[in-house]
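Just so it is clear, none of the values below were taken in a lab; they were calculated from the coordinates. Source: prediction; values computed, not measured. Here the Cβ positions follow ideal geometry from the backbone for every residue, glycine too, while neighbour counts run over all protein chains shown.
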Number of protein chains: 2
Amino acid sequence: MFSTLFQTLKEKIALSEEAHAKLPQFFEHKTLAKKEFLLQEGAYCKQLAFVSKGLLKSYTIDEKGQEHISLLAWEGWWVSDFKSFICDEKAILFIDAVEASEVLLITHENYELMLKEIPEMERYFRILYQNSLVTKDRRLISSNSYTAEEKYKHLLELYPFIGKQVPQNLIASFLGITPETLSRIKKTML
Amino acid sequence: MFSTLFQTLKEKIALSEEAHAKLPQFFEHKTLAKKEFLLQEGAYCKQLAFVSKGLLKSYTIDEKGQEHISLLAWEGWWVSDFKSFICDEKAILFIDAVEASEVLLITHENYELMLKEIPEMERYFRILYQNSLVTKDRRLISSNSYTAEEKYKHLLELYPFIGKQVPQNLIASFLGITPETLSRIKKTML
DNA sequence: GCTGTGCATTGATATAGATCAAGAGTCTTA
DNA sequence: TAAGACTCTTGATCTATATCAATGCACAGC
């Protein structure tokens, strides 16, 4: 149940035996059916989720009812409305399962506790956030400077498998373009 | 010279006397004239910079020669091409001073050393990155979902003073719109 | 196996914002 | 203080992408 988590941690830090043994107690396991919500806008995001299996998406919904995906979270990713999770504010994000998934949940109190008791985790999250920051920066540049086609190509370079695993309309939403535009782009790229 | 840095740190963590005394040795002070570069694309970003005075901007330049600002870094902000700084890759960002500024520079080796020797700093950067991640996330949502006018209003809410301190064309570039469009938006908003 | 619901494609049209261009205002610096 | 160099504004187009609409396809549930 925790193997994906340990696997993922190992890529960035070395965990002591002790830390290894301590870690699970902070988390709670949960199974999500396809389309099941982990969080809805307006709620308080009580937990940070680690995706141990499947695929989740986090998104906002605008006044016109349109979905805007901010994150596609695969196995090994963390997902949450961080602002809400950290600052105890109302969430602006929805989070749900794109396909049947499994997550490990940690509450804010447990998160802080874990960081204190296992200094390796403090380090892990500093590195994780540091890397995420880089990724988000590049995405922001892409989003502000590129044409729709360039954005799509850029995405394919980063995640070559994305076309196979994720429906077109979700990819379009993630890129901030319409499914129609993405469909037309794909046609010209053949 | 370090007062802005200590001030900034104090907002997130408590520094021990010892840490307080140790910290300065990791940094190097530098004065930047207006328009002076801290980093240019293609170079290796050897340092992370803390802005102790003034205003810097980080940006990319596309094939058409157009500037796309990814960050406006005021007093109290950190700026660098993180990907380059962390992974020792060639930088894709330019960083220069919008106005005469002062920065504290730390090399990658010193950064890692500092994080090891002063655990409070490990915590500081984890919190800093965590918060930045939230900010970037919102900016990404804004960038993908909002109209030019909404983006501008959103920016004014976050940084009400930005209009006074930063030239229009830089704000436009930061928002990913043209100066002309921003000018027209301002007219309709009066 | 049939039926409905959601996803992808394609076409026609609309539109936000870019681009191009010119002029006025305002800093800089020599 | 004068000259040049930016910066902002305004107007006239142009274009990438959204929107609206219709059809075909595929998979999930009965």
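Here are the numbers:
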item	result
In the stretch A:60-136, GluC sites (Glu not before Pro) in a DSSP loop with at most 11 other beta-carbon atoms within 10 Å	A:GLU63
Neighbourhood net charge (10 Å Cβ-Cβ; Lys/Arg +1, Asp/Glu -1) for A:TYR44	-1
Local net charge near B:PHE174, Cβ-Cβ under 12 Å (Lys/Arg +1, Asp/Glu -1)	+2
Backbone HN-Hα couplings from phi across the stretch A:68-81 [Karplus 6.51/-1.76/1.60, Hz, Gly and Pro as x]	10, 6, 9, 8, 10, 10, 7, 3, x, 9, 9, 9, 4, 8
In Hz, Karplus ³J(HN,Hα) per residue of the stretch B:19-27 (6.51, -1.76, 1.60; θ = phi - 60°; x = Gly, Pro)	4, 4, 6, 6, 3, x, 4, 7, 10
Solution diffusion estimate, µm²/s, Stokes-Einstein, the stretch B:1-146, Kirkwood Rh from C-alpha pairs, 10 °C, viscosity 1.306 mPa s	99
Mean Kyte hydropathy of -1.0 or more with a Cα span along the axis of at least 18 Å, helices from DSSP in chain B	B:119-145
Sorted by Cβ neighbour density within 10 Å, fewest at the top, the residues B:CYS87, A:CYS45	B:CYS87, A:CYS45
Net dipole in debye of the stretch A:88-160 [+1 Lys, Arg Cβ; -1 Asp, Glu Cβ; about Cα centre; nearest 20]	400
Directionally averaged projected area (convex hull, Cα atoms, the stretch A:146-190), nm²	2.8
Amide proton proximity set for B:GLU75, modelled H, under 5 Å, gap of 5+	B:GLY54
Cα-based convex hull, the protein assembly as shown, per residue volume (Å³, whole number)	155
GNM flexibility winner over chain B from B:ALA91, B:ALA43, B:ALA21 (Cα, springs under 10 Å)	B:ALA21
Evaluated at q = 0.10, 0.17 Å⁻¹: base-10 log I(q)/I(0), Debye formula over Cα of the stretch B:62-144	-0.32, -0.95
Distant-in-sequence amide H partners of A:LEU32 (H built 1.01 Å from N, under 5 Å)	A:SER101, A:GLU102, A:VAL103
Efficiency of FRET from Cβ geometry, A:PHE2 and B:ASN169, R₀ 56 Å, rounded to 0.05	0.60
Neighbourhood net charge (9 Å Cβ-Cβ; Lys/Arg +1, Asp/Glu -1) for A:LEU93	-2
Positive-end residue, the stretch A:146-190 charge dipole about Cα centroid, Cβ charges, pick of A:LEU190, A:ILE162, A:SER173	A:LEU190
Within the stretch A:172-190: backbone nitrogen closer than 20 Å to the A:GLU41 label point (7 Å, Cα to C-beta)	A:172-179
Other-chain or far-sequence residues with amide H under 5 Å of B:ASP96's (modelled H)	B:LEU38, B:LYS57
Calculated label separations, B:GLY42, copies of the chain, 7 Å along the beta-carbon direction, nm	5.4
